[in-house]
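Encoded as structure tokens, the structure appears first; notes follow it.
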Amino acid sequence: MQGIRAVSSGDFGRQISVRSRDEFGTLAQAFNQMQVDLKQYTEELTRTTAENERIQVEMRLARDVQQGILPKEFPPYPSASSIEIHAHMEPAREVGGDYFDFFMIDTHHMGIVVADVSGKGVSAGLFMMVVRALLRNNAAGNLSPAEAVTRMNMQLAFDNPSTTFVTMFYLVCNLETGEITFCNAGHNPPIWLKKNGIQVLASEEGRGTVVGVIEDAVYTDGRLILVEGESLVIFTDGVTESINDRDEMFGDEGLIHAIEDTRHLSSKAMCDEIVHRLSLHQGKLEQFDDITLLFLKFLG
């Protein structure tokens, strides 16, 4: 009984000495072995807990790094006063494979992209960083989205043993005229908020397959013109494939309905309201996929 009290207080080094060969002796031997096993288990649990804490710290740092590279200034540049941009990205895990970006190509043109890497977690996040760097490099001074995506695809597919791929919608916006040149590489078609209604941009032009798989894949440019007050809503499938507890997806119809209800608001207010509706739709269910929304409005 004294030995049992010692072990219950955490003293796993206390051995019980019973010399008899009856049931008490057998019980004492079993109890002493239990003490050894408990000590080993406790030490292993301590090591595992410390390792998990280290991993969690590193994952939080990785999330901070990933979130840190996403643009946060809306509107983005003083020279881009003719457009209004707002975007939101929420990873399903600490690190996600979605991203959005915008950058000046020259004085009158801005590149804007929304992309979705296959998979989730750290591997998708690392691949996303590579995609971002390659796109920016190939987009520099290049007004053809298809050409930039073609070059990037060749670089990725040439040496991609993991067969990870990315879908993206990349466009170049003329800040003076509202003309959009775009390339949809296997991505969800954006939604075009026109003066006279809402249209899903399922154009046969400006298309191509996912990036990073087929080295000689063909990509083409498509074109449209945003008139004053019109917008494009670019998103990833984490928005439309968001599921509630009845296994119902938010869907294209849910997104279009939310856009119709909020189109009179600013881009930021529209984005915030749709993110709120997605949260209500999911309820208490864990977020299944990364969620990214980008609103581009031409102010004229």
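The values are calculated or read from the model by the stated rules, or taken from the named source; none is laboratory data. What you see is a predicted model, and the numbers here were worked out from it, not measured in a lab. Counting neighbours? That spans all protein chains shown, and the Cβs are built from the backbone with ideal geometry, glycine included. Each accessible area value is taken on the protein alone, full model and side chains, heavy atoms only, with ligands, DNA and RNA left out. Shrake-Rupley method; radii C 1.70, N 1.55, O 1.52, S 1.80 Å.
In table form, for the structure just shown:
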quantity: Qualifying residue in the stretch 106-123 (condition: polar (S, T, N, Q) and over 20 Å from G208 (Cα atoms)); calculated: yes
quantity: Which listed residue, of M59, M34, is assigned to a helix (DSSP H, G or I), open to solvent by less than 100 Å² (accessible area, probe 1.4 Å), at pLDDT below 80 and not hydroxyl-bearing (S, T, Y); calculated: M59
quantity: Single condition S81 does not satisfy, out of (1) in contact with a Pro (Cβ under 9 Å, 6 or more places away or on another chain); (2) modelled with pLDDT under 75; (3) exposed (fewer than 11 other Cβ atoms within 10 Å of the Cβ); calculated: (2)
quantity: Single residue of the stretch 161-182 satisfying the filter (over 18 Å from I85 (Cα atoms) and within 20 Å of the chain's Cα centre (by Cα)) that is least open to solvent (accessible area, probe 1.4 Å); calculated: V166
quantity: Boolean, L143 is under 30 Å from F288 (Cβ atoms) and either surrounded by fewer than 21 Cβ atoms within 10 Å (Cβ to Cβ) or at pLDDT 95 or above (or both); calculated: no
quantity: Members of the stretch 84-118 found to be open to solvent by 30 Å² or more (accessible area, probe 1.4 Å), touching a Leu at 6+ places or on another chain (Cβ under 7 Å) and in a strand (DSSP E or B), listed by number; calculated: E84, H88, H109
quantity: Among the residues listed as M152, M168, the single one being part of a helix (DSSP H, G or I) and of a type outside the set (G, A, S); calculated: M152
quantity: Sole residue being part of a helix (DSSP H, G or I), within 15 Å of S231 (Cα to Cα), at pLDDT 90 or above and open to solvent by less than 70 Å² (accessible area, probe 1.4 Å), chosen from I274, I259; calculated: I259
quantity: Restricting the stretch 226-248 to residues that are surrounded by fewer than 22 Cβ atoms within 10 Å (Cβ to Cβ) and touching a His at 6+ places or on another chain (Cβ under 9 Å), the residue that is farthest from H88 (Cα to Cα); calculated: E248
quantity: Residues of the stretch 280-300 satisfying the condition of being part of a helix (DSSP H, G or I), loosely packed, with under 15 Cβ neighbours inside 10 Å and modelled with pLDDT under 90; calculated: none
quantity: Any hit, the stretch 210-225, residues being surrounded by 21 or more Cβ atoms within 10 Å (Cβ to Cβ), modelled with pLDDT of 90 or more and not in a loop (DSSP other than H, G, I, E, B); calculated: yes
quantity: Pair list, Cβ < 8 Å and 6+ apart or interchain, from the stretch 199-214 residues that are more than 15 Å from V113 (Cβ to Cβ) and free of Cβ contacts under 8 Å to residues at least 40 places away in the same chain to residues that are open to solvent by 70 Å² or more (accessible area, probe 1.4 Å) and in a strand (DSSP E or B); calculated: E205/R223
